[in-house]
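Just below is one structure, and these are the notes that go with it.
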Amino acid sequence: MEAPPVTVMPVTGGTINMMEYLLQGSVLDQALDSLLHRLRGLCDNMEPESFADHEMVYLLKGQQGNPFLLRARRSLAHPPAPWHLRYLGQPEVGDKSRHALVRNCVDVATSHSLPEFLNEMGFRMDHEFVAKGHIFRKGSLKVVVSKLFRVLVQGNTENTEPLSLSYLVELSVLAPAGQDTVSEDMRAFAEQLKPLVHLEKIDPKRHM
Amino acid sequence: MYNNAFNPASQTYVVVVGGVCHSIMSGGPAVRVSIESACEKQVQEVSLDGVETYVPPLSMSQNLARLTQRIDFSQGSDSEEEGGVGEQRDQEWGKQEPEEDEATVKFQPSLWPWDSVRNNLRSALTEMCVLYDVLNIVKQKKYMTLDPVSQDPMAGKSPQVFQLISKKKALANAAQLLLKGAEKLSKSVAENQENRRQRDFNSELLRLRSQWKLRKVGDKILGDLSYRSAGSLFPHHGTFEVIKNTDIDLDKKIPEDYCPLNVQIPSDLEGSAYIKVSIQKQAPDIGDLGTLSLFRRQPKLKAGTQPWHLKLEAAQNVLLCKEIFAQLSREAVQIKSQIPHIVVKNQIISQPFPGLQLSISLCHSTGDKKNQKASPEKPKPDDHLYVLEHNLHQLMREFHKHTLSSTVMPHPATAPFGHKRLRLAGPMAYDKAEIASLQQSEGLLEKIIKQAKHIFLRSRTARTIDSLASRIEDPQIQAHWSNINDVYESSVKVLITSQGYEQICKSIQLQLNIGVEQIRVVHRDGRVITLSHQEQELQDFLLSQMSQHQVHAVQQLAKVMGWHVLSFSNHVGLGPVESIGNASAITVASPNGEYAISVRNGPESGCKVLVQFPRNQCKELPKSDVIQDNKWNHLRGPYKEVHWSRMEGRNFVYKMELLMAALTPCP
């Protein structure tokens, strides 16, 4: 029996063309409380939500130079929740006046057998870390304040040590391609956090 | 007063020098000195209220005792000893008054006890005489004159005037101080009153801020009266501006309702609005739609509420009504339904049931005088379903709360926003049906239409039952509505009974569950019947149940009366066909078997009662050759109809009981 023909047309539409707009910054541990208070006041009126996640980064080394990167993330606070697989593309090299980092983003919710599946596919885990912190939202804006922990023994998330004495603050929006007004809103919001934390677009290439 | 030690009684005496004192040289005329006893007793103590307690004077025997204590009886009683005694006594006395003058120590003690008194008086007398003489000589002015002592000329110049001036100055100073203090006090009191009356802008602003969201932009104070922070997604900005009220004339009296703060609301939120939901019979033509602008009386001002508060609340209500109406009209256009909804200007019209029209309209009155003249007729008060308007508000608020619920927050944190159950769709491989069931399928409009349908169905059911109950007396119909209802479901228990025989004939009990479009009837015997929304169906059903009840009642009555049921059928196939339901029939025989009663009751044809008599009571029976024995004459024979309407008794069962009683002969 022949294998059914696989469509060769590229998949467009749906969740494939979502762009992630990102602004990042950091605060020291001492300044965390005031930042949380400020965010509680600026963001939507909900109970503050805290999270604890374990992320594993998988690489697929092909014959070409650039390896393909996938991020698999699971929640330690809510074990039954599905895993989250994420692909982040290269940051778009648009005009410099755009205030946020824009990159293609594909999000998929998967079952709990994700690591084995990726291993079978040929991916190899590059590194893993644990992130704990708080998450806020304002409309479609998401603010994540997290502390990163290094996993000492592979697979053991109990034994971790903090990576630094600071918290990572990320402001992100998931929007379909082409909406540039989103970055304006993000910049306005970042302005309101100005003296506590400076959120700016950080190009990962320049820091590598 | 001299306390003479020589007086053994140690009493005090007052010496009064009476008379005029003449000048005496040695041996002048004697001056009379009279002595009287003071009769004063020594004060022992003075009590707290001033009463003096005197030492009681010693009685004679006590006095004697005291004296005898002083006598030294060991000395003996001869003259030498007397002298010795006298000397000793002298020595004693000398010791005892060391404070006496030296002159009196050498004095002969045995002499007179008044001696020192006399001496002192004598010296006083001498002094007085000398003074008298000097004054006489000075009076003659020959040998001695009085020379006045020179005085300070300034001392007595006008001492009173000076004192007056100084006192005046001092009083003036004191008065000035007091006046200054009083002025300060009165000024501060006046200021306080001024402030309280004016109600400082800042304190009013504080009060405003305690209830509404404010922020400062530049030099303007802006506020937010939208529901955005509560979860609304309506794109209206809802910003109001706070301005200081400066058009106050301080000279004139400040009016009672003066407020130093004024709020400026967006122009499209002015006035007041409400959503009118009403169900009417379908209008014959869709001609004059979309011109509803009915007014409702303004709610009474609560004492103590600020005018800005009322203004802001009204504006917020207008905004919420606009949001609700926008959502409803959006759904009315998007959602496909069998009968499309009509959206015209400020009204949405849909048809819940054929022949019925549900209209939801946004009534916004801007408070302009012009608009008020446009609709002169009074609004019909019972048209508007307040419950549905309230439910609309509640549904909108629930929608707001849902957007803010924590079920939207993703775990792990990098996952996109969305309902957490939907994220399971991928891993759990849901199919389309399951996904559709997860998503909120019903919009605001559909929910409201369902609720309206239910309300309408319920009121129509109640009306049907009530009209039947008032129209038909014989089997009585009772409806017990349950208190606890749902927005989509209510229930009522309907009992059909005969008056006076409720305990016997209670076989027809119906439980009606009124839903959105249908009525489900559960019979006591277990049958479940579903009726549609047609009013006629329910009415016909109830009528048929009533006719069945009569026959059931006869059955129960027969049991009680001792009659035997020969046959019973709920749905009789004989006789004229009923248009509503079926006729039921029963045949009962008397206890001794002589008589039988046959009843046929139909909802339309009414009741027919026939009595079967024994053969020997009928005269018209033809004689037959077949029947030869006489005993056959005791069997029941022909039937005779009863003129039921002429029968005595107030209802069917009573009449039946009387009939049965009449046909049961006394033993």
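Around B:Met546, under 13 Å between beta carbons, what's the net of Lys plus Arg minus Asp minus Glu among the other residues?
Within the 13 Å Cβ shell, the charges total -4.
Give me a single rounded figure for B:416-425: the average over its residues of other chain Cβ atoms within 10 Å of their Cβ. Could the numbers behind the result be given before it?
On the way: counts 12, 6, 2, 0, 4, 0, 1, 6, 5, 2.
Per-residue shielding by partner chains comes out at 4.
Starting from the amide H of B:Leu566, placed 1.01 Å from N in the peptide plane, find each other amide H under 5 Å away whose residue is 5 or more places distant or on another chain.
B:Thr587, B:Val588, B:Ala589
So for each of B:411-424, B:632-645 I average, over its residues, the number of other beta carbons within 10 Å; can you give me the resulting order with the highest mean first?
Result, highest mean Cβ count within 10 Å first: B:411-424, B:632-645.
Between the alpha-carbon centers of segment B:390-455 and segment B:526-570, tell me the distance in whole angstrom.
Each part's Cα centre sits 47 Å from the other's.
Over 20 Å between C-alpha atoms is what I'm after, so list which of A:Lys201/B:Lys213; A:Lys194/B:Lys401; A:Lys138/B:Lys213 land there.
A:Lys201/B:Lys213; A:Lys194/B:Lys401
What nm distance separates the two modelled labels at B:Arg70 and B:Thr407, each placed 7 Å from Cα along Cα→Cβ?
12.3
For A:Thr181, put the label point 7 Å out on the Cα→Cβ axis and report which residues of segment B:222-236 keep their amide N under 12 Å from it.
B:235-236
Using the 10 angstrom Cβ neighbour count as an exposure proxy, how do A:Met56, A:Met121 rank, fewest first?
The order, fewest Cβ neighbours first, is A:Met121, A:Met56.
What is the Cα coordinate range of segment B:462-502 on the first, second and third principal axes, sorted by size from largest, in whole angstrom?
Answer, in whole Å and largest first: 36, 20, 9 Å.
Could you tell me how far the Cα centroid of segment B:480-515 sits from the Cα centroid of segment B:608-642, in Å?
Cα centroid of segment B:608-642 versus Cα centroid of segment B:480-515: 45 Å apart.
Among B:Leu574, A:Leu28, B:Leu356, which comes first, second and so on when ranked by fewest other beta-carbon atoms within 10 Å?
Taking fewest neighbouring Cβ atoms as first place, the list is B:Leu574, A:Leu28, B:Leu356.
Shielding by partners for A:136-146, please: the mean number of other protein chain Cβ atoms within 10 Å of each residue's Cβ. Don't skip to the answer; put the middle values down first.
On the way: counts 1, 5, 1, 4, 2, 1, 7, 0, 2, 1, 2.
What the average comes to for A:136-146 is 2.
With 10 angstrom as the radius, rank B:Ser605, A:Ser172, B:Ser61, A:Ser111 by how many other C-beta atoms surround their C-beta, starting from the fewest.
Listed from fewest to most nearby Cβ atoms, that is B:Ser61, A:Ser111, B:Ser605, A:Ser172.
Using a 10 Å cut-off on Cβ to Cβ distances, tally the other chain neighbours for every residue of A:51-61 and report the average as a whole number.
2
What value, in deg cm²/dmol to 500, does the helix sum -39500 (n - 2.57) over DSSP H runs of n ≥ 4 give at 222 nm once divided by the residues of chain A?
Details: 4 runs with 35 residues, N = 208.
The per-residue figure over chain A is -4500 deg cm²/dmol.
May I ask you to order B:268-278, B:511-521 by the average number of other C-beta atoms within 10 Å around their residues, highest value first?
Packing proxy ranking, top to bottom: B:268-278, B:511-521.
Give me a comma-separated list of calculated 3J(HN,Hα) values for segment A:140-148, in order, Karplus coefficients 6.51, -1.76, 1.60 applied at θ = phi - 60°, integers in Hz, x for any Gly or Pro.
9, 7, 10, 10, 10, 10, 9, 10, 9
Between B:Cys607 and residues 5 or more places away or on another chain, which pairs have amide H atoms under 5 Å apart, with H built 1.01 Å from N, and which residues are they?
Amide H neighbours of B:Cys607, under 5 Å, 5+ apart: B:Gly602.
Using amide H atoms built in the peptide plane, which far-off residues or other-chain residues are under 5 Å from B:Gln509 H to H?
B:Arg524
Just so you know, all these numbers are worked out from the coordinates, no wet-lab data involved. Just so you know, these numbers come straight off a predicted model, no measurement behind them. Every residue, glycine as well, gets a Cβ built from its backbone with ideal geometry; the counts of neighbours run over all protein chains shown.
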